[in-house]
Amino acid sequence: GAVVSQHPSWVICKSGTSVKIECRSLDFQATTMFWYRQFPKQSLMLMATSNEGSKATYEQGVEKDKFLINHASLTLSTLTVTSAHPEDSSFYICSASLARDPNQPQHFGDGTRLSIL
Amino acid sequence: DAKTTQPNSMESNEEEPVHLPCNHSTISGTDYIHWYRQLPSQGPEYVIHGLTSNVNNRMASLAIAEDRKSSTLILHRATLRDAAVYYCIPGGSSNYQLIWGAGTKLIIKP
């Protein structure tokens with residue numbers, strides 16, 4: 001149980017393109033989902049916290065107009081990288097929490113590798 | 001947020017036990033200690049978590065110091081598939097955010 005599906009697994013596109021990444025909780029409802037970014041040989045960096053039905057909370061230094069997050073249902077959150085440029089190339093990972101207890105584990109998607117040419 | 005200290009890397013032989021240490025001396029009294037691991041090119045995977053008592057599950061054991069300033073993740077018989085970066089993360093009691101350090105890269109030698 002507690003499976004999080006992330007799609008697509010990888011995407012290559014031209015500079016200036018907007019890219020949408022989906023994160024779905026397959027067998028549970030997730031009121032809170034998280035979006036991370038990971039550069040090569042570095043740790044995960046939290047980008048934003050996504051709550052169903054409300055605006056996402058972005059971490060300092062993350063442009064909310066560039067990284068659009070929508071959490072329209074309890075099982076789906078999307079991250080759209082708008083007008084992507086080569087410096088946006090990274091590994092993007094989402095996670096979801098099963099319960100309303102923040103001490104319970106988070107469950108992660110397999111990540112999306114984004115390459116901007 | 002509590003800061004953690006983990007070895008950059010550790011090596012172990014296959015089928016031997018592995019003890020991965022973590023110092024979290026500034027952990028708050030209500031924060032759990034979470035352990036995740038990340039295999040190459042994959043998202044992180046939950047391993048185990050605990051508050052005060054030692055914990056066991058099918059993947060690993062977690063030994064928590066009495067003062068909670070440190071903990072040790074124990075893999076009882078390491079396999080090649082256990083090669084990953086292991087992250088020790090205190091937190092979550094006040095919100096859901098996990099703050100990721102550099103972790104320990106575990107290398108398993110056949």
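Kindly list, by first and then second residue, each pair from a residue in segment A:8-22 that is over 14 Å from A:Ser90 (Cβ atoms) to a residue that is exposed (fewer than 12 other Cβ atoms within 10 Å of the Cβ), limited to pairs with Cβ atoms under 6 Å and residues at least 6 apart or on different chains.
Listed by first residue and then by second, the contacts come to A:Lys14/A:Leu117.
With respect to A:Ala30, is the statement that it is among the small types (Gly, Ala, Ser) and part of a strand (DSSP E or B) true?
So A:Ala30 fails the test.
Does any residue of segment A:68-82 turn out to be surrounded by fewer than 17 Cβ atoms within 10 Å (Cβ to Cβ), more than 9 Å from every other protein chain (Cβ to nearest Cβ), free of Cβ contacts under 8 Å to residues at least 12 places away in the same chain and over 13 Å from the mean Cα position of the chain (by Cα)?
Scanning segment A:68-82 turns up no residue that is surrounded by fewer than 17 Cβ atoms within 10 Å (Cβ to Cβ), more than 9 Å from every other protein chain (Cβ to nearest Cβ), free of Cβ contacts under 8 Å to residues at least 12 places away in the same chain and over 13 Å from the mean Cα position of the chain (by Cα).
Mind checking which residues of segment B:12-24 are loosely packed, with under 13 Cβ neighbours inside 10 Å, on the phi < 0 side of the Ramachandran plot and over 15 Å from the mean Cα position of the chain (by Cα)?
If the condition is that a residue be loosely packed, with under 13 Cβ neighbours inside 10 Å, on the phi < 0 side of the Ramachandran plot and over 15 Å from the mean Cα position of the chain (by Cα), then B:Asn13, B:Glu16 are the ones that fit.
Can you name the strands (runs of 3 or more DSSP E) wholly within chain B that have at least 2 residues being of a type in the set (A, V, I, L, M, F, W, C), without any contact (Cβ under 8 Å) to a residue 60 or more places away in the chain and within 18 Å of A:Phe108 (Cα to Cα)?
Result: B:32-38, B:45-50, B:84-91.
Here, each number is a calculation from the coordinates, and none is a lab measurement. As the structure is a computational prediction, the values presented were derived from the model and not from experiment. Please note: Cβ atoms are built from the backbone with ideal geometry, for glycine as well, and neighbour counts cover all protein chains shown.
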